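Working notes, structure below.
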Amino acid sequence: MSQRLLDAGAAAVRARGYDVTRPDSGAEPPGLATPRDGADAPFGRPRDTAIDPIANADPTTVLSRLWTNRNHDRATLFVVDDRETADAVAALLGPPLGVASADDRGRRVFFDGPDRVPLAEGGYAAVPSGDRVVWRETGEGETFRLVLEAADGETLGALDGVGDLNCPPRATFPYAYERDDDKQIRVRDFLGRPVDTFPGIKAMRAGGFAPVAAPLVPEHMLDGDVDGWWGVYVVEDGSVVTSPVDAAER
């Protein structure tokens, strides 16, 4: 699928006056479009643009690729199979940027990221397994607290804000875990007292303890406005069938 989407995206931007190069297999981005004089930009202004086929609108994938490309002063053209995925990318990158939702006071609900929450005393945060947990902002005014909330509304951890995610104290969460020199995973309570030992993460989950995923915080990845730095092409039967979707349409 990726090659088919890449080919269609490359053909579409060539028709707009871009040259397209493809790096060696496995290199990023899979396609790089460089505008010639007089090029008609698919979105924003003419600039180097990564052609990036994606299978779905996974928040980690979309945000990290936009972040990587922008750090290299290039825009990102996501190429997808259907309008539903394109709309999901547009929703993710439109306001409120990169979050699951936000209320009328600007308090956000975050997506889980791929990283765990490291603790000041070593190891990583853990909670009782079985319940879905979510990171959300609470409070009033301009500064919100960040809480880890269980499905029943119970607060399992709380920080003064997203800036405190870097190695909070162990006492913030019900449990912590770490892998010792013997490769065993040791679970401790919030005071550091030993609770149980497991041979791996799967066994730890089965035993009642789950690692805490760190939230995806957009401003930790993308600074400033992303308008004009991304767009989406939808491909059908090997050809682009819709105009680019970007923030200007929202």
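The values are calculated or read from the model by the stated rules, or taken from the named source; none is laboratory data. In this text, all values refer to a predicted model and were calculated from it rather than measured experimentally. These accessible areas exclude ligands, DNA and RNA; they are computed on the full protein's heavy atoms, side chains included. Shrake-Rupley method; radii C 1.70, N 1.55, O 1.52, S 1.80 Å.
Starting at 0 and stepping by 5 Å, how many percent of the alpha carbon pairs of the chain end up in each bin?
With a bin width of 5 Å, the distribution comes to 1, 6, 12, 15, 14, 11, 10, 10, 9, 6, 3, 1, 0, 0.
Report the relative contact order of segment 53-202, percent, no decimals, based on alpha-carbon pairs under 8 angstrom and at least 6 residues apart. Let's see the in-between values first.
Numbers: 229 pairs, mean separation 21.5, N = 150.
Taking the mean separation of contacting Cα pairs over the length of segment 53-202, I get 14 percent.
Ignoring ligands, DNA and RNA, what percent of the 1.4 Å accessible area of the chain is carbon and sulfur? Walk me through the numbers before you get to the answer.
On the way: 5740 of 12480 Å².
So the carbon and sulfur contribution to the accessible surface is 46 percent.
Taking only the alpha-carbon positions of segment 76-156 and ignoring solvent, what does the Debye formula give for the base-10 log of I(q)/I(0) at q = 0.11, 0.16, 0.17 Å⁻¹?
Summing over Cα pairs of segment 76-156 leads to -0.43, -0.82, -0.89.
With an 8 Å cut-off on Cα pairs and a minimum separation of 6 or more residues, tell me the relative contact order of the chain in percent. Don't skip to the end; give the middle numbers.
On the way: 505 pairs, mean separation 53.3, N = 250.
Dividing the mean separation by the residue count of the chain yields 21 percent.
Quick one: order K183, K202 from most to least accessible surface, probe 1.4 Å. It would help to have the intermediate numbers written out before the result.
Values: K183 135, K202 175 Å².
Ranked list, largest accessible area first: K202, K183.
Just by accessible area at a 1.4 angstrom probe, what is the order of E154, E28, E137 from largest to smallest? Could the numbers behind the result be given before it?
On the way: E154 100, E28 125, E137 20 Å².
Putting E154, E28, E137 in descending order of accessible area: E28, E154, E137.
Taking the chain as the reference, fit the longest principal axis to its C-alpha atoms, fit the long axis of helix 59-71 to the helix C-alpha atoms, and give the angle between the two in degrees, 0 to 90, nearest 10.
60 degrees
Please state, to two decimals, what the Cα-based radius of gyration of segment 51-90 comes to when divided by 2.2 N^0.38 Å (N = residues). It would help to have the intermediate numbers written out before the result.
On the way: Rg = 9.8 Å, N = 40, 2.2 N^0.38 = 8.9 Å.
Output field value: 1.10.
Working from the pairwise distances between different alpha carbons, so that the mean of 1/r is found and then inverted, what is segment 1-133's Kirkwood radius in Å? Please report the intermediate quantities before stating the final value.
Numbers: mean 1/r = 0.0589 Å⁻¹.
So the Kirkwood estimate lands at 17.0 Å.
For the chain, what is the accessible area per residue in Å², given a 1.4 Å probe and the full set of protein chains? Mind showing how you got there, number by number?
On the way: 12480 Å² over 250 residues.
Dividing the accessible area of the chain by its residue count gives 50 Å².
Pick from R74, R186, R108: which residue has the top mean-square fluctuation in a GNM of the chain where Cα pairs under 10 Å get a spring?
R186
Using only alpha-carbon positions, what ratio does the radius of gyration of segment 129-205 give when scaled by 2.2 N^0.38 Å? Let's see the in-between values first.
On the way: Rg = 14.6 Å, N = 77, 2.2 N^0.38 = 11.5 Å.
Cα-based Rg divided by the globular estimate yields 1.27.
At 222 nm, what helix-only mean residue ellipticity would the chain give, in deg cm²/dmol to the nearest 500, using -39500 (n - 2.57) for each DSSP H run of four or more? Before the final figure, lay out each step's value.
Numbers: 4 runs with 43 residues, N = 250.
Per the formula, -5000 deg cm²/dmol.
Taking 8 Å as the Cα distance limit and 6 or more residues as the minimum spacing, I'd like the relative contact order of segment 115-200 as a percentage. Kindly include the intermediate steps, with their values, before the conclusion.
On the way: 166 pairs, mean separation 21.5, N = 86.
Computed value for segment 115-200: 25 percent relative contact order.
Per residue, what volume in Å³ does the convex hull of the Cα atoms of segment 1-48 enclose?
Working: hull volume 3.4 nm³, N = 48.
So the per-residue hull volume is 70 Å³.
For the chain, take the longest principal axis of its alpha carbons; what is the angle in degrees between that and the long axis of helix 83-93, to the nearest 10 within 0 to 90?
60 degrees
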